[in-house]
1. Hey, can you tell me all the residues within segment 17-48 that are within 11 Å of the ligand (Cβ to nearest atom), open to solvent by less than 30 Å² (accessible area, probe 1.4 Å) and more than 17 Å from the chain's Cα centre (by Cα)?
2. When the residues of segment 49-61 are narrowed to those that are touching a residue at least 24 places away in the same chain (Cβ under 8 Å) and touching a helix residue (DSSP H, G or I) at 6+ places or on another chain (Cβ under 9 Å), which ends up farthest from the ligand (Cβ to nearest atom)?
3. For VAL66, are the conditions met, namely being aliphatic (A, V, I, L, M), surrounded by 15 or more Cβ atoms within 10 Å (Cβ to Cβ), without any contact (Cβ under 8 Å) to a residue 12 or more places away in the chain and assigned to a helix (DSSP H, G or I)?
4. Of the conditions (1) assigned to a loop (DSSP other than H, G, I, E, B); (2) modelled with pLDDT of 85 or more, ALA186 fails just one. Which one is it?
5. State all residues of segment 89-107 that are over 20 Å from ILE233 (Cβ atoms) and in contact (Cβ under 8 Å) with a residue 12 or more places away in the chain; if no residue qualifies, say none.
6. Is segment 72-80 home to any residue that is touching a helix residue (DSSP H, G or I) at 6+ places or on another chain (Cβ under 8 Å), within 15 Å of the ligand (Cβ to nearest atom) and of a type in the set (S, T, N, Q)?
7. Scan segment 261-278 residue by residue and report those that are in contact (Cβ under 8 Å) with a residue 60 or more places away in the chain and not charged (D, E, K, R).
8. Hey, can you tell me all the residues within segment 1-16 that are among the hydrophobic types (A, V, I, L, M, F, W, C) and either part of a loop (DSSP other than H, G, I, E, B) or more than 15 Å from the ligand (Cβ to nearest atom) (or both)?
Amino acid sequence: MPPTQHTIIFGNSQQMPELADSSVHLMVTSPPYPMVQMWDNLFVDADQKIAQLWQQLTADCKEETVTQLYEEMHLNLAKVWSETYRVLVDGGIACINIGDATRRVNSKFRLFPNHSKIIEHCEKIGFTTLPYILWKKPTTKPQYKGKGAFLGSGFLPPNAYVTLDCEFILIFRKGKLRHFPPKDPARYESKLTKKQRDEWFSQIWQITGTRQTTSQLERRTAVYPDEIADRLIKMFSIKNDTVLDPFLGSGTTTKAAMQNERNSIGYEKDPNLLSIITKKTANGNSEQAFVKIINR
Ligand SMILES: C[S@@+](CC[C@H](N)C(=O)[O-])C[C@H]1O[C@@H](n2cnc3c(N)ncnc32)[C@H](O)[C@@H]1O
């Protein structure tokens with residue numbers, strides 16, 4: 001296999017002018033999660049309309065303001081899904097790791113089903129929804145009245161809530177199935193083992209979450225485990241394909257692409273993450289991988 005190329009672009013992935021139409025084979029990503037507190041500021045800073053709605057919510061406490069705010073956050077993410085659709089090849093796959101959110105807004109505890117909003121927006125863009133994966137995280141504690149761990153009274157029905165201990169890995173395809181020449185060598189070299197096929201193409205993945213380090217910067221990236229990116233890349237691309245992550249964070253997808261002989265492109269808005277990305281990708285690097293960093 002020829003050496004692989006890895007480009008990290010510090011810039012907003014709502015526009016990817018660096019990438020030609022139909023030039024990417026797979027997207028693997030995890031965006032900021034709407035209505036999860038740690039991402040509030042990112043959404044507010046990203047969009048004036050969202051900022052205005054936050055202010056309005058504090059003043060009017062109206063349910064329709066919450067609904068509008070939630071929709072605007074998803075419209076903001078959908079700009080990236082649209083741009084991804086443009087750059088994917090026909091038959092290219094998009095994998096999106098997303099968690100639903102629970103939150104008390106206007107004194108009412110409720111669920112914000114981010115996974116279904118993303119499906120709705122991606123289908124509008126033209127993607128076909130495929131069966132998804134539930135990533136079961138054993139670490140999350142059960143909740144009582146949305147306030148964290150169950151208290152003793154959590155045993156008494158009916159006022160406790162089901163814990164969000166799964167995240168979704170949504171899977172979409174652009175257009176029809178990808179076609180390959182008969183006996184394509186790269187495809188055959190990318191063949192999965194029977195164990196991988198049997199375990200990975202099932203709907204529930206039990207994978208321990210990545211331990212977040214204590215640095216605030218690293219906590220803010222909400223890293224997903226290497227294992228998630230590694231499996232998805234092996235399942236939905238072949239050697240020498242190009243993998244895109246439009247919300248790169250600490251660089252997990254780039255590292256997995258390097259280790260699996262795929263090319264990669266990662267977009268990250270926050271330039272402070274450079275040192276974390278450099279450190280992580282150095283672990284996945286080999287003499288067979290070239291890295292280019294672009295500051296827009
Ligand atoms: C959930 S984190 C990704 C974590 C990543 N999967 C990892 O393992 O490190 C989302 C990242 O997307 C970045 N981000 C948010 N909006 C962006 C945008 N429009 N363009 C580029 N990066 C963005 C954030 O700065 C954050 O680092």
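1. Passing the criteria: only ASP47.
2. Of the residues in segment 49-61, the ones touching a residue at least 24 places away in the same chain (Cβ under 8 Å) are 50, 57, 61.
Those left that are additionally touching a helix residue (DSSP H, G or I) at 6+ places or on another chain (Cβ under 9 Å): 50, 57.
Numbers: ILE50: 12, LEU57: 21 Å.
My answer is LEU57.
3. Values: aliphatic (A, V, I, L, M): yes; surrounded by 15 or more Cβ atoms within 10 Å (Cβ to Cβ): yes; without any contact (Cβ under 8 Å) to a residue 12 or more places away in the chain: no; assigned to a helix (DSSP H, G or I): yes.
In short, no.
4. Against the list (1) assigned to a loop (DSSP other than H, G, I, E, B); (2) modelled with pLDDT of 85 or more, ALA186 comes up short only on (1).
5. Selection gives GLY99, ASP100, ALA101, THR102, ARG103, ARG104, VAL105, ASN106.
6. yes
7. ASN263, SER264, ILE265, GLY266, TYR267, PRO271, LEU274, ILE277
8. Those that are among the hydrophobic types (A, V, I, L, M, F, W, C) and either part of a loop (DSSP other than H, G, I, E, B) or more than 15 Å from the ligand (Cβ to nearest atom) (or both): MET1, MET16.
The values are calculated or read from the model by the stated rules, or taken from the named source; none is laboratory data. In this text the structure is predicted, and so the values were computed from the model without any measurement. Neighbour counts run over all protein chains shown; Cβ positions are idealised from the backbone, glycine included. Calculation scope for accessible area: heavy atoms of the full protein, side chains included, ligands and nucleic acids excluded. Shrake-Rupley method; radii C 1.70, N 1.55, O 1.52, S 1.80 Å.
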